[in-house]
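These notes are about the structure you will find just below.
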Amino acid sequence: MGKNLTVLHLHDNFGALNDWFGEMDRHLLPFFGCVDWKGTVKALREIGFDGVFSFEVNPYGPLSQLELANVMLYNAGKYML
């Protein structure tokens, strides 16, 4: 798709490695599941991706840690750039 790729819907999961509670698509923060982010970022750089990352993640854990999760999500996106 190359330059036609403008938006990526991103989240991590455990895939078939761990079926927690019957939910294989967990919408985890990037780098907390089994997605090969290093390979993903390499491929995006190779095609010159300059689009938008649309993260869809669930806030697992206590709500008191939500701000920390947001910082971690921001840092993950920054790393990917």
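The values are calculated or read from the model by the stated rules, or taken from the named source; none is laboratory data. As the structure is a prediction and not an experimental result, all values here were calculated from the model. Cβ placement follows ideal geometry from the backbone for every residue including glycine, while neighbour counts extend to all protein chains displayed.
Please go through the range 41-73 and give me each residue that is surrounded by 15 or more Cβ atoms within 10 Å (Cβ to Cβ) and in contact (Cβ under 8 Å) with a residue 40 or more places away in the chain, ordered by number.
Hits for the range 41-73 are Phe49, Phe53, Phe55, Val57, Ala69, Met72, Leu73.
Considering only the range 36-66, state which residues are at pLDDT below 90 and assigned to a helix (DSSP H, G or I).
The answer is Leu63, Ser64, Gln65, Leu66.
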